[in-house]
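In what follows, a structure is listed as structure tokens, so that the remarks can point back to it.
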Amino acid sequence: MSIIDKRILDFILEHHVFSLATSKKNKPYSASCYYVYDRIENALIFSSDEKTKHAQQFIENHNVSATIAIETDDFTKIKGLQLLGEVSLIESNKLKRSTELYLDRFPFAKDLPINLWILKLTYIKMTDNSLGFGKKLIWN
């Protein structure tokens with residue numbers, strides 16, 4: 001696995017919400033989810049009830065895409081990520097650590113029911129116009 005550019009990692013760590021895109025039987029769906037980045041797994045840890053439409057879709061089709069982006073009217077400041085990966089339940093031997101990571105980032109979730117999933121990243125494309133219009137950084 002190649003090393004992820006520091007600018008990509010910094011961007012992932014600066015944010016905490018991603019837009020998840022799923023598909024089942026050629027029917028797309030998307031949802032916004034809180035995440036925490038797991039450096040060891042190179043993955044996003046997020047919580048979602050199994051009954052949600054997006055969870056039902058990624059349970060059947062593990063391949064998903066996602067985005068993390070800033071909102072700006074200034075095209076020179078456009079910056080964001082397009083991600084590909086696979087979602088799965090967190091393995092029982094990794095659940096304690098993942099739960100700690102998630103609750104450290106989102107302590108308000110301590111008293112809420114959380115059902116943690118892992119999005120293992122396989123591809124990242126970063127657009128960063130501060131480096132030049134349309135500048136892309138790729139990791140896979």
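The values are calculated or read from the model by the stated rules, or taken from the named source; none is laboratory data. Computed from a prediction, not measured in an experiment: that's the story for all the values here. Methodologically, a virtual Cβ is constructed for each residue, glycine included, from the backbone with ideal geometry; neighbour enumeration extends over all protein chains shown.
Out of the residues in region 23-44 meeting the condition of being free of Cβ contacts under 8 Å to residues at least 60 places away in the same chain and of a type in the set (S, T, N, Q), tell me which one is surrounded by the fewest Cβ atoms within 10 Å (Cβ to Cβ).
Once the filter is applied, the top-ranked residue is ASN26.
Taking region 92-140 as the search range and keeping residues that are more than 14 Å from the chain's Cα centre (by Cα) and β-branched (Val, Ile, Thr), which one is nearest to THR76 (Cα to Cα)?
Taking the candidates together, the pick is THR127.
Which ones in region 1-54 are within 14 Å of ILE118 (Cβ to Cβ), of a type outside the set (Ser, Thr, Tyr) and not in a loop (DSSP other than H, G, I, E, B)?
PHE18, LEU20, CYS33, VAL36, ASP38, ALA43, LEU44, ILE45, PHE46
If we scan region 81-103, do we find a residue that is within 21 Å of TYR123 (Cβ to Cβ), touching a Lys or Arg at 6+ places or on another chain (Cβ under 8 Å) and modelled with pLDDT under 95?
Among the residues of region 81-103, not one is within 21 Å of TYR123 (Cβ to Cβ), touching a Lys or Arg at 6+ places or on another chain (Cβ under 8 Å) and modelled with pLDDT under 95, which makes the answer no.
So which residues in region 84-131 are assigned to a helix (DSSP H, G or I), of a type in the set (A, V, I, L, M, F, W, C) and touching a strand residue (DSSP E or B) at 6+ places or on another chain (Cβ under 6 Å)?
Within region 84-131, LEU101 is the sole residue that qualifies.
Matching residues to (1) without any contact (Cβ under 8 Å) to a residue 60 or more places away in the chain; (2) farther than 19 Å from SER32 by Cα:
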{"site": "LEU84", "(1), (2)": "yes, no"}
{"site": "ASN93", "(1), (2)": "yes, yes"}
{"site": "LYS96", "(1), (2)": "yes, yes"}
{"site": "THR99", "(1), (2)": "yes, yes"}
{"site": "LYS110", "(1), (2)": "yes, yes"}
{"site": "ASN115", "(1), (2)": "no, no"}
{"site": "LEU121", "(1), (2)": "no, no"}
{"site": "THR127", "(1), (2)": "yes, yes"}
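Sort out which residues of region 45-54 are under 14 Å from LEU89 (Cβ atoms), of a type outside the set (S, T, N, Q) and surrounded by 15 or more Cβ atoms within 10 Å (Cβ to Cβ), and write them in order of number.
Scanning region 45-54 gives ILE45, PHE46.
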